[in-house]
Amino acid sequence: MSDINTISPHLKKRRRAEWLFRAYGLAAIIFCFLAVAVLFTSIISKGYTAFRQTHITLPVNFDASIIDPDGTKNVDTLMAADYQQLVKKALLDKLQIKPEDKPTRKRAMDLLSHSADTELRDLIIANPAIIGKTQDVSLTASDNVDAVLKGTIDRTVPEADRQISDQQLAWIDQFSKDGKITKDFNTKLFTAGASSQPETAGLWVAILGSFYMMLTVILIAVPLGIAAAIYLEEFAPKNRITDFIEVNVNNLAAVPSIVFGLLGLAIFINGFGLPRSASLVGGLVLSLMTLPTIIIATRAALGSIPPSIKEAALGVGASKMQMIFHHALPLAVPGILTGTIIGLVRALGETAPLLMIGMVAFIVDPPKSILEPATALPIQIYMWATSAERGFSERTGAATIVLLLFSFVMNAGAIYLRRKFERRW
Amino acid sequence: MDQKLANSMPRILAHDVNIYYGEKHAIKNLSVEIPDRAVSAFIGPSGCGKSTFLRSINRMNDTIASCRMTGEVLLDGKSIYAPDVDVVQLRSHVGMVFQKPNPFPKSIFENVAYGPRIHGLAKNKTDLEEMVVNSLKKASLFEEVKDRLNASGTGLSGGQQQRLCIARAIAVNPEVILMDEPCSALDPIATARIEELIDELKQNYCIIIVTHSMQQAARVSQRTAFFHLGTLVEYGETNDIFTSPKDKRTQDYITGRFG
């Protein structure tokens, strides 16, 4: 007979083991949280400054003799006018620099972005009525001015080693004192395409490219994947061929993504002659990559439907098709959605296969269709990360934040839809 | 009563049925005649093949890939395994109630309306509503749920769910209702209600019930079949089976010596 005392040593060991296991689990979770916290802090602290851009306000005289000497107000004339001269004049007048003093003039011009003239042009095109008037205009400051004001350029460094001269610093301080320097929301970051100057570089082409690719994946991979999964799970005869297909679908899910890129290059570009860098090709490659994920998730979701529900449907005389579409599929929707969106988010962040099909390109104009060249968000991050200018470093962080936001929105959508469609049985 | 049963035409006639699951020989040379408007009970130890045979009457075994069958099952003199028989059509004539209550995760109304809807039995909405109400009444569930027909069928109690499943089965106007241990997941009170219901339903339907409870078989059935190791050992009037079984195995089973 064992009394209560004889088992106590075992009990102690057992409790200890349980306590240890819990401690390991807790430690693992804390580690994960810390890692995520570090990741986010580093990305956000590096990237948040890029959402604000420095602007310098100058009184610009929209001289009719420079813009539109004949007074035609013809758009072509307005587009072709020498706005650079307006910028120069406004800046030199403001800083009281003689036009003959070429080195000083050049240093002054370096305060403003190279895009200042196009900003004036856009103003005139939008509202030709201001021709001939003088108006305060907020112009984008150059990358270096932005860096000084954001503290990334150290003023204490000797002038020779600094990217910005003492004179330029003095001008900046003067502008600041006069309240002519403002930090505004950086709309260019979202509306512009590629640019060699950070202050005029934006994500719009990448966002559009990623959007088109996601659309292609949703339109191609989702219906194909779900249809294939339904067939394999419910209709396919259980034989060797089905087993073989099943094993291969699972293997396909584990194929490195760059291999899909190679495949896309060989088939879609070299084989079908589709244009390089096009979001259609990117979308097709990502569809191939996402297909196995969707098939596996859908099959798992269908497989987890209680057989009793299927039997109930068949028992009242539903055909197999009715059983699937009236009962099994609606119940599997939460699982299918979860798997699909995980696949989509993975595709959204995918870089390697897109490099293979030439989506790493300098594209200024937003694509008008899925056949025109575009880039993708992760590719833009990669390209900016490899650029030298200071402004690109913070923009890399900002682009990462945007990409993560997209992923979060999609994940939140997945959770919302899952909750909405979830039913108990 | 004996006289009445003997006179009525057999609704279901099985002849020399053999069923295999892969290598396993689940039903061996079974032949049986099942009368209309009566309850026939299948009893026997677990794994004796009674559910397998039951499922062959509405071809639910078709859904199991490894299942193979020889022999004939006739419903009203027509083979249900003939090539021109549509399984969907057959199942609208031979309804089924399962062991575990399995209402669809939809409203009570939708559960019952599903069958008539897919078979196109109702001409319009009022027609459909009438069918649902009638079926619920026949399953003696209507009074309990009449105020919440749009509530989820899965929110009912176990006994109510099983009656909902019976209502769902009779909504498509079957002639035969197969019940595979319909009370095994229910408490005694719910079981009593289902048994009462079965007793009422036998006025209009041919009912076959698989049960593990010999008391239940004795209470609700007019005929009893005893299965053992895939063979039909004995089949006859319930009274005879329970009072004077001819086979020793039957006697051993009903007196509780095995199984």
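Taking B:T191, is it modelled with pLDDT under 95, more than 13 Å from B:Q99 (Cα to Cα), surrounded by fewer than 23 Cβ atoms within 10 Å (Cβ to Cβ) and among the β-branched types (V, I, T)?
no
Pairs, please: C-beta under 6 Å, at least 6 apart or cross-chain, first residue within 12 Å of chain A (Cβ to nearest Cβ) and in the stretch B:56-70, second of a type outside the set (F, W, Y) and loosely packed, with under 13 Cβ neighbours inside 10 Å?
Qualifying pairs under 6 Å: B:A65/A:K238; B:S66/B:G22.
Give me the residue from the stretch B:15-36 that is part of a strand (DSSP E or B), of a type in the set (D, E, K, R) and out of contact with any Pro (no Cβ under 9 Å at 6 or more places or on another chain) and, out of that set, surrounded by the fewest Cβ atoms within 10 Å (Cβ to Cβ).
Step by step, filter the stretch B:15-36, then rank; the result is B:D16.
Of these, A:P353, A:P334, which one is under 18 Å from the mean Cα position of the chain (by Cα) and either assigned by TED's automatic domain parsing to the domain that holds A:A141 or part of a helix (DSSP H, G or I) (or both)?
Of the residues listed, the single one that is under 18 Å from the mean Cα position of the chain (by Cα) and either assigned by TED's automatic domain parsing to the domain that holds A:A141 or part of a helix (DSSP H, G or I) (or both) is A:P353.
If you take just the helices (runs of 4 or more DSSP H) that sit entirely in the stretch A:137-212, which of them hold at least 2 residues that are out of contact with any Ser or Thr (no Cβ under 7 Å at 6 or more places or on another chain) and within 30 Å of A:G358 (Cβ to Cβ)?
A:188-191
Looking at the stretch A:228-243, I want the residues that are in the same structural domain as A:T290 (by TED's automatic domain parsing) and over 16 Å from A:S304 (Cα atoms) and have a partner that is of a type in the set (A, V, I, L, M) and outside any helix (DSSP H, G or I) with Cβ atoms under 7 Å, at least 6 apart or on another chain. Which pairs are those?
The qualifying pairs are A:K238/B:A65; A:T242/A:A236.
Would you confirm whether or not the stretch B:170-191 contains a residue that is more than 25 Å from B:T52 (Cβ to Cβ) and within 14 Å of another protein chain (Cβ to nearest Cβ)?
yes
Would you confirm whether or not the stretch A:105-118 contains a residue that is acidic (D, E) and either assigned to a helix (DSSP H, G or I) or without any contact (Cβ under 8 Å) to a residue 12 or more places away in the chain (or both)?
Checked against the condition, which is being acidic (D, E) and either assigned to a helix (DSSP H, G or I) or without any contact (Cβ under 8 Å) to a residue 12 or more places away in the chain (or both), the stretch A:105-118 yields at least one hit.
Just for the stretch A:217-251: of the residues that are surrounded by fewer than 22 Cβ atoms within 10 Å (Cβ to Cβ) and within 30 Å of A:V402 (Cβ to Cβ), which one is nearest to the chain's Cα centre (by Cα)?
Here the residue is A:I218.
Which residue out of A:T72, A:T57 is of a type in the set (S, T, Y), surrounded by fewer than 17 Cβ atoms within 10 Å (Cβ to Cβ), in contact (Cβ under 8 Å) with a residue 60 or more places away in the chain and in the same structural domain as A:L111 (by TED's automatic domain parsing)?
From the options A:T72, A:T57, the qualifying one is A:T57.
Would you confirm, using the coordinates I've provided, whether B:G47 is more than 9 Å from chain A (Cβ to nearest Cβ) and modelled with pLDDT under 90?
So B:G47 passes the test.
Looking only at the stretch B:80-107, count every residue that is farther than 16 Å from A:H326 by Cα and away from every other protein chain (no Cβ under 11 Å) and tell me the total.
Adding up the residues that qualify gives 6.
When you scan the stretch B:219-232, how many residues do you find that are in contact with a Pro (Cβ under 9 Å, 6 or more places away or on another chain) and either assigned to a strand (DSSP E or B) or closer than 21 Å to B:K28 by Cβ (or both)?
5
From the list A:R418, A:R390, A:R424, pick out the single residue that is crowded, with 16+ Cβ neighbours inside 10 Å, under 30 Å from B:G155 (Cα atoms) and at pLDDT below 90.
Just a single option satisfies the conditions, and that option is A:R418.
The values are calculated or read from the model by the stated rules, or taken from the named source; none is laboratory data. Because the structure is predicted, anything quoted here is derived from the model rather than measured. Neighbour counts run over all protein chains shown; Cβ positions are idealised from the backbone, glycine included.
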